[in-house]
Each structure stands twice: as structure tokens, then as C-alpha cells.
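A.B. asks: Shown below is the structure under consideration.
The values are calculated or read from the model by the stated rules, or taken from the named source; none is laboratory data. Computed from a prediction, not measured in an experiment: that's the story for all the values here. Here the Cβ positions follow ideal geometry from the backbone for every residue, glycine too, while neighbour counts run over all protein chains shown. Accessible surface is based on the protein model in full, side chains and every heavy atom, while ligands, DNA and RNA are left aside. Shrake-Rupley method; radii C 1.70, N 1.55, O 1.52, S 1.80 Å.
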Amino acid sequence: MKAYNNLYVPNVYLFGIPATLTYINMDHSVTGSPELIPYPDWRANTAGDCANSITTAYRIKADECGRLWVLDTGTVGIGNTTTNPCPYAVNVFDLTTNTRIRRYELRSEDTNANTFIANIAVDIGKNCDDAFAYFSDELGYGLIVYSWEENKSWRFSAHSYFFPDPLRGDFNVAGLNFQWGEEGIFGMSLTSPKSDGYRILYFSPLASHRQFAVSTRILRDESRVEDSYHDFVALDERGPNAHTTSRVMSEDGVELFNLIDQNAVGCWHSSMPYSPQFHGIVDRDDVGLVFPADVKIDENNNVWVLSDRMPVFLLSELDYDDINFRIYTAPLNTLVEGTICDQRTVVFGPSNAVTLHKPIAPYSRQYLPPINHASANIHLPIVQHPQTYVSRYTSNNVNSPKNFVLQQQNTLAIETAAGPHLFPPIVPQPSDGLKNYATVRNSGWWRQQQQQHHH
């Protein structure tokens with residue numbers, strides 16, 4: 001999104017909010033609260049005008065083809081005041097012309113009486129037409145797939161991995177204790193394409209500390225909606241106080257995710273086992289990062305984090321004389337430096353092939369200049385160190401971590417180079433989990449922009 005010199009901000013439509021999708025002009029030097037400009041214009045932000053406007057832009061995603069995907073929940077209000085004047089729909093805009101190029105309403109078969117679609121992930125394949133969007137149904141417990149080329153959708157449902165964990169429904173945010181025990185599949189992230197041309201989709205229910213995975217080869221196949229249970233893989237838990245609503249994966253395999261109980265942003269390198277020993281914290285701020293609602297990485301490898309104090313708004317009362325909405329940005333390499341996610345200092349020897357860069361696709365319509373990827377084959381010297389090596393895995397080693405060895409029937413192949421790789425010794429997890437174990441950074445070194453909005 002940064003390439004367009006604008007920052008796009010979705011807003012849940014409540015009475016008194018004039019526009020649900022806005023942007024900030026990044027070409028202007030802003031101080032204090034910046035102007036929020038309706039996107040693409042005022043007319044397109046008319047609540048209830050289903051065919052021509054956006055009612056509630058709940059999530060957005062810009063792809064490398066110059067398109068902005070906008071998930072419209074079609075709702076007005078919140079809690080007991082909620083009405084549904086419009087159906088769930090995805091609106092897609094051309095960012096070069098700022099015009100809508102498609103609107104697709106989800107079929108009735110894609111939703112149920114409990115549906116609340118909480119997030120969107122966009123998967124670009126061979127070209128811009130070979131595009132799929134994935135929607136997480138948080139309260140209806142399903143995963144909806146939309147094909148751009150076929151202009152149709154289908155639903156994966158009734159998989160237990162989409163459901164909340166009954167032991168993980170207790171939350172503590174900003175001094176508030178509350179229970180969100182019904183919250184299912186929420187945040188999603190996509191890897192770069194693997195050797196078979198497909199990506200891996202990682203996801204987590206909100207009321208859960210666990211992450212799950214599935215190949216997009218399964219999701220892209222409509223015939224597998226009723227016959228794919230064993231193609232989904234369960235990874236380990238993140239540890240205590242590890243609820244998350246948003247995640248994103250960089251091209252070289254670093255996953256960032258919000259930790260809403262900890263007022264923090266966490267990280268995991270996907271070449272590592274998915275366990276607390278290999279999770280880090282790139283930043284924590286008990287004022288500025290209260291409910292870091294969304295995390296994104298742009299084409300220049302800059303990280304963007306939006307915090308909004310949502311539980312305080314829902315369960316208590318916001319101080320309208322204070323700053324409640326903040327946007328932070330920092331280079332990804334700066335954030336992960338010194339953490340367990342920094343492969344430049346943690347892993348020695350041959351690079352891991354899980355960090356394959358996405359090939360430049362022969363797009364029929366080129367919107368953005370090709371990304372100049374630096375080579376991943378950086379050979380660091382072998383450093384003598386008193387740590388122990390993890391031997392190269394084989395598929396017969398039943399004790400190998402799941403995200404290294406995922407059986408063939410699971411259709412997930414995490415490749416690795418010849419190894420061995422040097423990992424920090426696995427030590428018993430401290431009683432308070434990630435908080436003291438992970439590398440923690442103070443928030444002062446973030447480059448906080450001046451896009452701070454009083455509400």
C-alpha cells in the first residue's frame with residue numbers, strides 16, 4: 001500500500017461515523033490527528049446502499065496486482081443495536097484508478113445463522129487472474145474460499161480446528177478481564193509459494209493459543225470441502241496469554257502476530273518448530289499497543305501496526321481526551337533484530353529452503369514494479385558454540401517437530417536445506433511463558449508516525 005503513498009484505514013460502521021473506509025495521504029507532513037479521507041469517495045461510503053457502496057469495511061488487503069480487497073460485513077451498529085441491511089460481500093478496487101472493478105456477494109450456502117467473517121487473506125498464483133481470497137468465519141466456524149477467475153465461492157466447515165478451545169476463553173486486556181469463549185477461526189497468514197506452487201495457510205481461532213495449517217492446494221479445490229479433514233495440521237501452542245487476531249508472513253518466512261493480552265507483537269520464523277521456545281516479541285507497549293488490532297507488511301518490508309483499544313471501547317469507556325488510535329511502522333529487519341526470529345544471528349550454516357522467494361509471475365497487467373529481492377543464499381560462517389545441533393530430519397523420525405515433518409497425506413511439504421541447523425537449547429518454559437523468555441524490546445525505537453487519531 002505504501003507504493004501508492006496512501007494508508008487505508010477500515011472502520012466498523014456505527015451511528016455517527018461518516019465513512020467506513022478511509023485513507024491518510026502519506027505525501028503530506030502530518031502533525032497531531034491526520035485527516036481521514038473517504039475511499040474512494042463519500043458516495044461509496046453510504047451505509048445500506050448494498051449494490052453501490054460499502055456498509056462496514058471490516059478488513060482490507062492490498063495485493064501485488066494493484067487491487068484493494070475490502071471485506072464488507074453489511075452490518076450497522078454493534079451489540080444489541082446491530083442490523084444487517086446488506087449481505088456479506090467483497091469489493092475489489094483498482095488502486096491506479098480508484099474505481100471498483102468487482103463486487104461479489106457470498107452465497108447463502110457460504111454462511112450460516114451465526115456467521116461473522118473476521119478476516120481475509122489473498123493468494124496470488126501464476127498471474128493476477130489466478131487469485132483466491134480466503135475468509136475466516138469466526139462465529140460460524142468455517143473457512144470460505146473465493147476464486148477470482150471463476151467468480152464463485154465455496155465453504156470448508158465442520159472442521160474442529162475452526163472452533164474455539166474451551167480452555168482458552170479467558171482474556172485480560174488493559175486491566176479488563178472478560179470472556180470471549182465462542183471466538184473461532186480468526187487470523188490468517190500465507191507463506192510464499194512452495195516447490196509445488198502452492199502456499200501454506202496458517203490460522204488460529206481467537207479463543208485458542210494454537211496455530212493450524214493447510215496447503216492452498218486443498219483450499220483451491222472445491223471438491224475437497226467434505227473430504228479434507230486429515231489435510232489440516234495442528235501445531236503446538238504458543239504459550240500462556242497468547243490470544244491473537246491478526247498475523248502476516250513475510251516473503252522470507254517471518255510470521256508476525258499481535259498478542260492482545262500482552263500489548264505486544266510477536267514473531268516466529270517458519271523454519272523453526274512452532275513452540276514457545278522459538279517465539280519472540282518484537283515490541284511491547286502498555287500504552288500505545290493496547291489491542292494491536294492489525295499487523296501488515298508492505299512490499300518494502302516495512303511493518304505497519306494499528307492499535308485501537310477495542311476492548312476498552314466495548315467493555316468500559318474510552319477517554320476521548322486521550323489518543324486511542326495509533327499507527328506504528330518500522331522496518332521488519334529492525335524489529336526482529338536480536339530476537340529468536342532473526343535468522344542472521346540464530347541459524348548458522350546453509351540457508352533454509354523454507355525461505356524461498358516468490359517468483360515474479362508473468363502478470364497480464366503489471367501494476368507495481370518487480371520487487372528486487374535480495375538473495376536468500378547468504379552463507380554465514382560456522383561459529384563454534386556450546387549449543388547442540390539438531391540433526392537433519394527424516395520422515396521416519398516420529399519425534400521430529402510437526403512443522404518440519406508433515407506427512408505426505410497432509411500435503412504440506414516444508415523443505416529444508418542440507419543442515420544441520422544450530423538452534424538455541426530447548427529449556428523448560430518459565431512459569432510466565434513468553435513474557436520473560438522471549439527477547440523483549442521497548443517501544444521507544446519504533447518510528448511512530450504522527451497518524452494518531454483522537455476519538
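A.B. asks: So which pairs qualify, if the first residue must be in the stretch 296-325 and modelled with pLDDT under 85, the second must be in a loop (DSSP other than H, G, I, E, B) and open to solvent by less than 70 Å² (accessible area, probe 1.4 Å), the Cβ gap must be under 7 Å, and the two must be at least 6 apart or on different chains?
C.D. replies: LEU318/ARG309
A.B. asks: Against the conditions (1) without any contact (Cβ under 8 Å) to a residue 24 or more places away in the chain; (2) in contact with a Phe, Trp or Tyr (Cβ under 8 Å, 6 or more places away or on another chain), where does SER223 fall short? Just the number, please.
C.D. replies: For SER223, the exception is condition (2).
A.B. asks: In addition: So which residues in the stretch 141-154 are surrounded by fewer than 21 Cβ atoms within 10 Å (Cβ to Cβ) and part of a loop (DSSP other than H, G, I, E, B)?
C.D. replies: GLU149, GLU150, ASN151
A.B. asks: Another question, if that's okay. Select from the stretch 198-230 the residues that are assigned to a strand (DSSP E or B) and open to solvent by 10 Å² or more (accessible area, probe 1.4 Å) and write down the one among them that is nearest to TYR161 (Cα to Cα).
C.D. replies: That would be PHE212.
A.B. asks: Of all residues in the stretch 263-277, how many are buried (at least 24 other Cβ atoms within 10 Å of the Cβ) and outside any loop (DSSP other than H, G, I, E, B)?
C.D. replies: The total comes to 6.
A.B. asks: Scan the stretch 183-206 and give yes if some residue there is closer than 22 Å to ILE327 by Cβ and small (Gly, Ala, Ser), otherwise no. Step through it out loud before you land on a result.
C.D. replies: Our first condition is that a residue be closer than 22 Å to ILE327 by Cβ; within the stretch 183-206, this holds for 186-189.
Filter again for small (Gly, Ala, Ser), leaving 187, 189.
Scanning the stretch 183-206, I find at least one residue that is closer than 22 Å to ILE327 by Cβ and small (Gly, Ala, Ser), so the answer is yes.
A.B. asks: Looking at (1) part of a loop (DSSP other than H, G, I, E, B); (2) farther than 17 Å from GLY280 by Cβ; (3) within 23 Å of the chain's Cα centre (by Cα); (4) not hydroxyl-bearing (Ser, Thr, Tyr), which one does LEU314 not meet, given that it meets all the others?
C.D. replies: Unmet condition: (1).
A.B. asks: What number of residues in the stretch 45-72 are of a type in the set (Gly, Ala, Ser) and within 26 Å of the chain's Cα centre (by Cα)?
C.D. replies: Result for the stretch 45-72: 4.
A.B. asks: Might you check whether a residue that is outside any helix (DSSP H, G or I) and open to solvent by 50 Å² or more (accessible area, probe 1.4 Å) occurs anywhere in the stretch 181-188?
C.D. replies: Yes, some residue in the stretch 181-188 is outside any helix (DSSP H, G or I) and open to solvent by 50 Å² or more (accessible area, probe 1.4 Å).
A.B. asks: Further question on the same structure: Only one residue in ASN258, ASN301, ASN241 is among the polar types (S, T, N, Q), open to solvent by 10 Å² or more (accessible area, probe 1.4 Å) and within 16 Å of the chain's Cα centre (by Cα), so which one is that? Walk me through it before giving the result.
C.D. replies: Details: ASN258 fails: open to solvent by 10 Å² or more (accessible area, probe 1.4 Å); ASN241 fails: within 16 Å of the chain's Cα centre (by Cα).
Sole residue among the options that is among the polar types (S, T, N, Q), open to solvent by 10 Å² or more (accessible area, probe 1.4 Å) and within 16 Å of the chain's Cα centre (by Cα): ASN301.
A.B. asks: Still on this structure, I have one more. With the checklist (1) touching a Cys at 6+ places or on another chain (Cβ under 9 Å); (2) among the hydrophobic types (A, V, I, L, M, F, W, C); (3) crowded, with 18+ Cβ neighbours inside 10 Å in hand, flag the one item CYS50 doesn't pass.
C.D. replies: Single failed check for CYS50: (3).
A.B. asks: Would you point out which residue out of THR111, THR75, THR81 is within 18 Å of SER136 (Cβ to Cβ), open to solvent by 30 Å² or more (accessible area, probe 1.4 Å) and more than 20 Å from the chain's Cα centre (by Cα)?
C.D. replies: Just one listed residue meets the conditions, THR111.
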